[in-house]
Amino acid sequence: MIFNLQYVFSIALLVFSQVPFAFAGPRTCQEVMALIANKDHVHQPTDTLLEWPKSITSRSPELARTIELELLPLYRRAHHGFFVTRDNARLPYTFFKASPESLINGKPRATLVLAHGLGESRPQWLDQIKTFTREGYDVYIHEHRGQAHADRSLPNPNKVHVKRFEDYELDMHEFIHKVVKEQSDGPIYGVGFSMGGLISTFNGIHHPEDLSVLVTISPAYQIKTRQFPAPLVKGLVDFMVWMGYENEYSFFQKDFTEEKLELLKRHTHSSDRWQAFLKVLQMYPMTVPGSLTHGWLSQMLGANQKIQTEIRNLKKPTLVIEAGQDGLIEPNVVKKLALNHPWITHYAEPKSLHSIIHEVDSIRNSAFTEILRYLVHPERLDDPQSPHSWESLIAQSDNFLSRGEQAFSKYAAEEALRKWKVTNASTPAPEKLTHTLEKANQALNRSPEGQQGLYQFLNFRRQEELKKLYP
């Protein structure tokens, strides 16, 4: 009888569908101007491409070579360690230092704590970590219990299992306090993908002292259960747990096979980044994505129920990036929770599958540009505890300019002016600020059209953000 129940509901975990989109990242200067004017744009062969930040423009066809020459050496040079949790689980982590040329007055802009998704590991984030370190961020990443190189509670390494979803959140909390805060000086931001986005959001709600800012990418606020209502699927897996099958594979789950890889391949349009994933998998076999137990699925669906109501208690500046064609997460739920929340900035990539950060260049570059824009000054302008003063934003502007990022240089300079006006409303801006702004503006005017279009996009996104933050 139990076998038949499993067979009937096995399809509940395998879903791939499309939904309407919210905001689409432009690709050309002409698209930006049409977006600002709220008009439709028909792509022409003469359209000028936006110039994305240099740190994210490694073309996907070159990624295999980049892995050998840059990413794996980056991983080997990093600091690797373990920390022990309250229940004696041993979880590995890695620390990557910001690139020297991107430091601001000799210091990193901030420290990022990355939370990877289900079935991922540290090496699979190297392409993204390279971007963050080149942009001046120290980066920490740990592996979740029951996955990759972390301790497992079950003897079968193929099984992804957790007794309580809260353990993920508490692990992150301990990691930040035992490792990150002991070694970092400055603001600490969280960046989470998929399951890691859900974990990071709960951390922001229950441990607001840990992170001052959150970025969540395809956050798992509601996993898809196809045509079956999520409460029905949860009731079924809860029944399986009650029957004593908590540690057994859930519906249609089994030990790792090549079929599993074909399933994962459907979450990105990029064959090049998929081949890069396979290359990392070959070099680090313990990163093989596992399969789910009834216990894990029960806990995940319970966490999905909690986040629907608890997210209202999130009072951290948060960027939520939605994948419009997500096959694993309900994008409409992500959109609903993000659009109605006063602390959340929402950005959607309508053509993206679940793995935005592993997508084709046109999707990944625009999404990553939004993340980098957001991190220039993610705290509210009127936040007295913000580590970003107008002086530090000027320093960022100068650093961008020295690296040939004219669009971001002017964006940071204008953000410095906004910060000044909020804290010194009746006082004229100091000469140092006006000089930096004038210098950035002149440099942008002399720059290629692709840089000027990028600035228009950055400024448009900020104006939309300000309308929501300060209605």
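Summary table below
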read-out: Hey, Thr85 crowded, with 17+ Cβ neighbours inside 10 Å, over 24 Å from Ile371 (Cα atoms) and in the same structural domain as Arg152 (by TED's automatic domain parsing) or not; value: yes
read-out: Hits in region 268-292 (condition: assigned to a loop (DSSP other than H, G, I, E, B), within 16 Å of Asp127 (Cβ to Cβ) and either modelled with pLDDT under 80 or not assigned by TED's automatic domain parsing to the domain that holds His149 (or both)); value: Ser270, Tyr284
read-out: Where Ala150 falls short, out of the listed (1) hydrophobic (A, V, I, L, M, F, W, C); (2) outside any helix (DSSP H, G or I); (3) touching a helix residue (DSSP H, G or I) at 6+ places or on another chain (Cβ under 8 Å); value: (3)
read-out: Cross-chain or 6+ apart pairs with Cβ under 6 Å, region 387-401 first and more than 11 Å from Thr436 (Cα to Cα), then crowded, with 19+ Cβ neighbours inside 10 Å and of a type in the set (S, T, N, Q); value: Phe400/Ser409
read-out: Tally, over region 88-106, of residues that are more than 24 Å from Thr201 (Cα to Cα), touching a Ser or Thr at 6+ places or on another chain (Cβ under 9 Å) and part of a loop (DSSP other than H, G, I, E, B); value: 4
read-out: Residue count, region 153-202 (criterion: assigned to a strand (DSSP E or B), over 26 Å from Gly327 (Cα atoms) and of a type in the set (Val, Ile, Thr)); value: 1
read-out: Residue in region 416-423 that is closer than 14 Å to Lys439 by Cβ and outside the structural domain of Lys279 (by TED's automatic domain parsing) present; value: yes
read-out: Residue identified as crowded, with 20+ Cβ neighbours inside 10 Å, closer than 27 Å to Pro378 by Cβ and among the basic types (Lys, Arg) among Lys97, Lys130; value: Lys130
read-out: Region 26-59 - residue that is basic (Lys, Arg) and closer than 24 Å to Glu135 by Cβ and, of those, surrounded by the most Cβ atoms within 10 Å (Cβ to Cβ); value: Arg27
read-out: Unique match (being surrounded by fewer than 24 Cβ atoms within 10 Å (Cβ to Cβ), of a type in the set (Lys, Arg) and more than 26 Å from Phe400 (Cβ to Cβ)) among Lys336, Lys316; value: Lys336
read-out: Some residue of region 461-471 being surrounded by fewer than 20 Cβ atoms within 10 Å (Cβ to Cβ), of a type in the set (Asp, Glu) and over 19 Å from Val376 (Cα atoms); value: no
read-out: Odd one out for Gly404 among (1) assigned by TED's automatic domain parsing to the domain that holds Arg461; (2) more than 21 Å from Phe132 (Cβ to Cβ); value: (2)
read-out: Filtered residues of region 346-368 (kept if among the hydroxyl-bearing types (Ser, Thr, Tyr) and crowded, with 22+ Cβ neighbours inside 10 Å); value: Tyr347, Ser352, Ser355, Ser366
read-out: Yes/no for Gln396 being of a type in the set (S, T, N, Q), in contact with a His (Cβ under 9 Å, 6 or more places away or on another chain) and surrounded by 22 or more Cβ atoms within 10 Å (Cβ to Cβ); value: yes
read-out: Residues being among the hydrophobic types (A, V, I, L, M, F, W, C) and either under 21 Å from Gln396 (Cβ atoms) or in contact with a Phe, Trp or Tyr (Cβ under 7 Å, 6 or more places away or on another chain) (or both) - total across region 126-157; value: 5
read-out: Any hit, region 107-120, residues being more than 19 Å from Gly192 (Cα to Cα) and assigned to a loop (DSSP other than H, G, I, E, B); value: yes
read-out: Members of region 319-333 that are part of a helix (DSSP H, G or I) and surrounded by 23 or more Cβ atoms within 10 Å (Cβ to Cβ); value: Pro331
read-out: Residue satisfying condition, being under 22 Å from Asp151 (Cα atoms), at pLDDT 75 or above and assigned to a helix (DSSP H, G or I), within set Gly244, Gly295, Gly235; value: Gly295
read-out: Residue identified as touching a strand residue (DSSP E or B) at 6+ places or on another chain (Cβ under 8 Å) and assigned to a loop (DSSP other than H, G, I, E, B) among Leu375, Leu353, Leu301, Leu337; value: Leu353
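So that you can scan it fast, the table gives a plain yes or no per residue for (1) under 24 Å from Gln30 (Cβ atoms); (2) in contact (Cβ under 8 Å) with a residue 40 or more places away in the chain:
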{"residue": "Val422", "(1), (2)": "no, yes"}
{"residue": "Ser426", "(1), (2)": "no, no"}
{"residue": "Thr434", "(1), (2)": "no, no"}
{"residue": "Glu438", "(1), (2)": "no, no"}
{"residue": "Gln452", "(1), (2)": "yes, yes"}
{"residue": "Gln456", "(1), (2)": "yes, yes"}
{"residue": "Gln463", "(1), (2)": "yes, no"}
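The values are calculated or read from the model by the stated rules, or taken from the named source; none is laboratory data. The model shown is predicted, which means the values in this text are computed figures rather than measured ones. All Cβ positions, glycine included, derive from the backbone under ideal geometry; neighbour counts span all protein chains shown.
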